[in-house]
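Coordinate-derived values only; no laboratory data. Not measured: the values here are computed from a predicted model. Note that we place each Cβ from the backbone using ideal geometry, even for glycine, and neighbour counts take in every protein chain shown.
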Amino acid sequence: MQIRRVIRIAILSTILVPSVYSVAEQRPNVVVVITDDQGYGDLAFTGNPAIKTPTIDKLARQGTLLNNFHVDPTCAPTRSALMTGRYSDRVGVWHTVQGRNMLRRRETTMADVFSANGYATGLFGKWHLGDCYPYRPEDRGFQQCVYHQAGGVGQAPDYWGNDYFDDTYIVNGKHQRFEGFCTDVWFDEGMKFIKANKDKPFFAYISTNAPHSPYNCPEEYSKSYKGDPQVSIAEFYGMITNIDDNMAKLMKLLDDQGIADNTILVFMTDNGTAGGLKGGRGYDGGMRGMKNSEYDGGHRVPFIIRWPNGKIEAGKSVERLTAHIDILPTFIELCDLESPEIKFDGQSISDLLHTDGQDWPDRSLVVESQRVVDPIKWRKSAVMNDRWRLVNGEELFDLKADPKQVNDVAAKHPEVFESLRAEYDKFWNDVSKEHNLTSYMVIGSDDSPIVSLSSHDWLIDQLPPWNQPHIKKGAVAEESFWAIEVERDGDYEISLRRWPVEADKGINDGTYGKAFNYEQARLRIGDVDETKDIPDGAKEVTFKVSLKKGVTKLSPVFIGPKLTATPYYAYVTHQPKAGWQTPQGMGIPVYDPSYGRVPPKARK
């Protein structure tokens, strides 16, 4: 159904680094800026009459726009496909929670490839492909990491109380507090990385959580949009203009350091708009659908690429079908990188960037929005070629005549309808072979002596309490579990908590939200099934257990007179140390609700 490029040059290993470093300085730097929940229509140059994005508009004039570029309709799947050049369904990421957002450990990432070719690699912002070993960005080829956990600031695994301002993030495995607005932090840290590595090739992945909800924004950016009848949410627009200002700082840095001409600079987004259309206000980019939609508004996004030394044409617009799965093979070709054998679902689009595309072959691609534990055939799917869209296997749209996908023409074009259904069948029969695989979070590894688990990753058939507001409200679901792999036989300590360790509150404490009345804690893992009473005021209940190597379920519960429910948080260590379970012992600073917590209107 699609052209598969197999690039085989060498096995990825540290042996590659010396052999490529001699030519590394001739290779381009790569900076990818990807924003969160910003759609095609959330930019001025695509037609939005109200939004202010002068820098990104300028970048579009300086580079080439992929104007028929597609991603998955939600964020983690898009990021997995971007990082691997392979369909999200294939690499195990078809959801944003429930353990289905972890990029399978067998996959080679973009950062792996760049790192093995002598590049400095850095991630700044959002990862969302796994918070526990071996799925963290530092496990997947990134040498410098500054990021929040989960899919957004303030979600369950993220540091308690983070709200976009003066937050605590993870820096190379350790928590560190930052002052300022989150987007400013990501760009500032990314620019520090660029300056530190300007004399050798680098790959900087600046991945903002903005303009993802909650819609918190410095007032100086939102106030100009308030009261405008064309604006959906003032803070959503404000966050985008803040991103634009940070893009200006980034582009100036590249100029000032004398590296702009030999830097591949990309701006893209991860799915259709989430906040750009509300109450009849906003701009839809001429498309049907929003985030999570199988229609083009859910997955067609802007992609701009600029590289003066690479003869990428300024002001060019590519109208042929391209997608996230094309970017890694494209970078490998543009940067002349050595790579292991990878069966890409995408293909290098270098020819499209450097020619008129007349000889570019027709192809079909698939995007989906599964968002379930076990994928379902045809669910929220789109099969695409340059002209046609088959939606959910039932509706056919001619994008040439009907870009807003209003008129189903399946009955008028049965041959096209059946052809695209056949393309989807090929796709499904291929990727579904391994839908039964589970990504297990590993305990007992020296690379991660302490593993922090949260309800975000419960493997459960219903949506878990995946963000901190859910946990504050005391949202509960049926009893659930975490999918665990024990790396080695040994003694482990497992501590169960209602609040995360940095919140530093008792299991039945209601300071931050709903108070429970739990009386006992029960631990079930492997052959272990133990129950303990919860002492008055206890912040956690800790079990010392012996576990055997292998995969298992961690399925603890808190037990009360009227309610039995899975704890929101659990901490596992295989190196018991006196006092390790305290916040100080874990190296996690205690949450201080007074730090930087001023009303949003007063924040600048």
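In whole Å, largest first, what are the principal axis extents of the Cα atoms in the range 252-401?
Cα spread of the range 252-401 along its principal axes, largest to smallest: 49, 40, 36 Å.
With a ≥ b ≥ c taken as the square roots of the eigenvalues of the C-alpha gyration tensor of the range 345-448, please select rounded if a/c is under 1.5 and otherwise prolate if a/b is larger than b/c or oblate if it is not? Walk me through the numbers on the way to the answer.
Details: a/c = 2.68, a/b = 1.52, b/c = 1.77.
Judged from the Cα gyration tensor, the range 345-448 comes out oblate (a/c at least 1.5, b/c at or above a/b).
Pull up the DSSP beta bridges for the chain and report the antiparallel fraction as a percent, rounded to 5. Write out the running numbers ahead of the final one.
Details: 66 of 97 bridges.
Bridges in the chain that DSSP calls antiparallel: roughly 70 percent.
Where does the chain land at 222 nm, in deg cm²/dmol rounded to the nearest 500, when only DSSP H runs of n ≥ 4 count, each adding -39500 (n - 2.57), divided by all residues? Walk me through the intermediate numbers first.
On the way: 13 runs with 122 residues, N = 604.
The helix contribution divided over the chain gives -6000 deg cm²/dmol.
How do 509-519, 324-334, 67-77 rank on mean C-beta neighbours within 10 Å, highest first?
Values: 509-519: 15.5, 324-334: 24.5, 67-77: 26.3.
Result, highest mean first: 67-77, 324-334, 509-519.
Pick out, from 222, 49, 569, the residue whose Cα sits farthest towards the positive end of the charge dipole of the chain, with +1 on the Cβ of Lys and Arg and -1 on the Cβ of Asp and Glu.
It is 222, whose Cα lies furthest towards the positive end.
Highest first, please rank the peptides 425-431, 282-288, 33-39, 357-363 by the mean number of other Cβ atoms sitting within 10 Å of their residues. Provide the component values of the computation, followed by the final result.
On the way: 425-431: 16.1, 282-288: 21.1, 33-39: 27.7, 357-363: 11.4.
Per-residue mean Cβ counts within 10 Å order the peptides as 33-39, 282-288, 425-431, 357-363.
With +1 on each Lys and Arg Cβ and -1 on each Asp and Glu Cβ, and nothing else charged, work out how big the dipole of the chain is about its Cα centre, in Debye to the nearest 20. Working shown, then result.
On the way: 71 positive and 82 negative charges, 103 e Å.
Around 500 debye, computed over the chain.
Give me a comma-separated list of calculated 3J(HN,Hα) values for the range 418-429, in order, Karplus coefficients 6.51, -1.76, 1.60 applied at θ = phi - 60°, integers in Hz, x for any Gly or Pro.
Per residue, the Karplus-derived 3J(HN,Hα) values read 5, 5, 6, 4, 5, 4, 5, 4, 4, 4, 5, 4 Hz.
For the range 94-233, I need the span (max minus min coordinate) of the C-alpha atoms along each principal axis, in Å, sorted largest to smallest.
51, 40, 29
From the phi angles alone, apply the Karplus equation (6.51, -1.76, 1.60; θ = phi - 60°) to the range 385-392 and give each ³J(HN,Hα) in whole Hz, x where the residue is Gly or Pro.
Per-residue couplings from phi come out as 10, 4, 10, 10, 10, 9, 10, 6 Hz.
Just to check I understand the Karplus step: with θ = phi - 60° and J = 6.51 cos²θ - 1.76 cosθ + 1.60, what whole-Hz values come out for the range 140-154, glycine and proline as x?
Going residue by residue, I get 10, x, 8, 8, 10, 10, 9, 7, 9, 8, 6, x, x, 4, x Hz, with x marking Gly and Pro.
Can you give the translational diffusion coefficient of the range 492-570 in µm²/s, computed by Stokes-Einstein from the Kirkwood radius over Cα pairs at 4 °C and 1.567 mPa s?
Details: Rh = 12.9 Å.
Estimated via Stokes-Einstein, D reaches 100 µm²/s.
I'd like to know which of 303, 314, 287 lies farthest towards the positive end of the charge dipole of the range 252-333, counting +1 on Cβ of Lys and Arg and -1 on Cβ of Asp and Glu.
Positive-most Cα among the choices belongs to 287.
For the range 263-328 and the range 362-430, compute the distance between their C-alpha centroids and round to whole Å.
About 19 Å separates the Cα centre of the range 263-328 from the one of the range 362-430.
Let me check the size of the chain from its C-alpha atoms; what are the radius of gyration and Dmax in Å?
24.0, 74
At q = 0.16, 0.22 Å⁻¹, what log₁₀ I(q)/I(0) does a Debye calculation on the Cα points of the range 310-394 give, no solvent, two decimals?
-0.78, -1.12
Taking the radius of gyration and the Kirkwood hydrodynamic radius from Cα positions alone, what is the Rg/Rh ratio for the range 151-270, to two decimal places? Don't skip to the end; give the middle numbers.
Details: Rg = 15.6 Å, Rh = 15.7 Å.
My calculation of the ratio gives 0.99.
Amide H of residue 303: which non-local residues (sequence gap of 5 or more, or other chain) have their own amide H closer than 5 Å, using H built in the peptide plane?
HN-HN under 5 Å from residue 303: 66.
With each pseudo-label sitting 7 Å past Cα toward Cβ, what's the residue 592-residue 311 distance in nm, one decimal?
About 5.8 nm separates the two model spin labels.
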